[in-house]
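The values are calculated or read from the model by the stated rules, or taken from the named source; none is laboratory data. Keep in mind the model is a prediction, meaning the values are calculated, not measured. So basically every Cβ, Gly included, is an ideal-geometry build from the backbone, and we count neighbours across all protein chains shown. Heavy atoms of the whole protein, side chains included, go into the accessibility calculation; ligands, DNA and RNA do not. Shrake-Rupley method; radii C 1.70, N 1.55, O 1.52, S 1.80 Å.
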Amino acid sequence: MSSYPDWVNAFKEKGTSVKKVGNEYYLYRTTSKRVPGKKYPQPVETYIGTITREGVVRTNVRKISTDRVRVYEYGMSYALQSLLPDAFLINSHDKETLRFAFLHIVKQVSPRSYLLRGVELPTIAELHINLNLQYKRYERLSGVTVEDLRPLSELYLVETKECDMLSDATPEMREILMKLGVELNAV
């Protein structure tokens, strides 16, 4: 027989367990799994929520693995890419060279940009471009300066083994994005 109050036992069903910590009662889903080298299956408990007299307050917190977490700059790079005019990719150079020129601009203003993940950039000398000229050309064609976008550099992309997440945008960041007509997409 359970030593918990009736209002707590009302929420305990098959495959669940209740634990009391202090004055709080917690509900867990209980299963088991085989572990190599162990004689018997090992219990596995998954937290469901806190039991109150009104019901179970379910958690909306998701546990993620932190064994591989990477943080990239996202906001400014995303805005730079969103505002990239088609005319920037039209010049005496081929499109691929100009795409690499754009990525060099991103690298110059945001070395930890998410746009540079897994990208092998040829050197500026190999591209035969003047980066300062391309930088000014980007600003002229897009109508925005990189300094205007600087506050967005603190909007981060957090990459984990399970998923990618964006940090929260401040009201100042949202205002800049709205003025530029750039809408942040969910990652």
Exercise. Counting only Cα, what are the radius of gyration and maximum Cα-Cα distance Dmax of the chain, in Å?
Worked result: 26.1, 83
Exercise. Which of the residue pairs LYS136/LYS161; LYS95/LYS179; LYS95/LYS161; LYS107/LYS161 have a Cα-Cα distance greater than 31 Å in the structure shown?
Worked result: LYS136/LYS161; LYS95/LYS161
Seminar exercise, completed: Sorted largest first, the C-alpha extents of the range 139-187 along its principal axes in whole angstrom are 40, 22, 16
Problem set entry | Ranking by accessible area, most exposed first, for TYR138, TYR72 with a 1.4 Å probe | TYR72, TYR138
Exercise. Given +1 on the Cβ of Lys and Arg, -1 on the Cβ of Asp and Glu, and no further charges, what dipole in debye does the range 10-133 carry about its Cα centre, rounded to the nearest 20?
Worked result: 1300
Exercise. Which net charge results for the neighbourhood of VAL69, defined as the other residues with beta-carbon distances under 11 angstrom from its beta-carbon, given Lys and Arg at +1 and Asp and Glu at -1?
Worked result: -1
For this session: At 18 Å minimum axial length over the Cα atoms and a Kyte-Doolittle cut of 0.0, report the qualifying DSSP H helices in the chain, or say none.
Result: 95-109
For this session: Sticking with the crude label model, points 7 Å out along Cα→Cβ, report the distance from TYR4 to ARG99 in nm, one decimal please.
Result: 5.7
Exercise. Mean shadow of the range 79-187, computed from the convex hull of its alpha carbons, in nm²?
Worked result: 7.3
For this session: Kindly provide the helix-only [θ] at 222 nm of the chain, computed as the sum of -39,500 (n - 2.57) over DSSP H runs of four or more divided by all residues, to the nearest 500 deg cm²/dmol?
Result: -8000 deg cm²/dmol
Exercise. So which lysines can LYS12 reach, going by Cα to Cα under 24 Å and dropping same-chain residues fewer than 8 places off?
Worked result: LYS20, LYS33, LYS63
Problem set entry | Longest segment of the chain lacking trypsin sites (Lys or Arg not before Pro) that sit in a DSSP loop with at most 14 other Cβ atoms within 10 Å | 69-116
Exercise. Using heavy-atom solvent-accessible surface (probe 1.4 Å) with all chains present, what is the largest-first order of GLU139, GLU54?
Worked result: GLU54, GLU139
Problem set entry | Förster radius 35 Å - calculated FRET efficiency between ASN60 and THR145, Cβ distance, rounded to 0.05 | 0.30
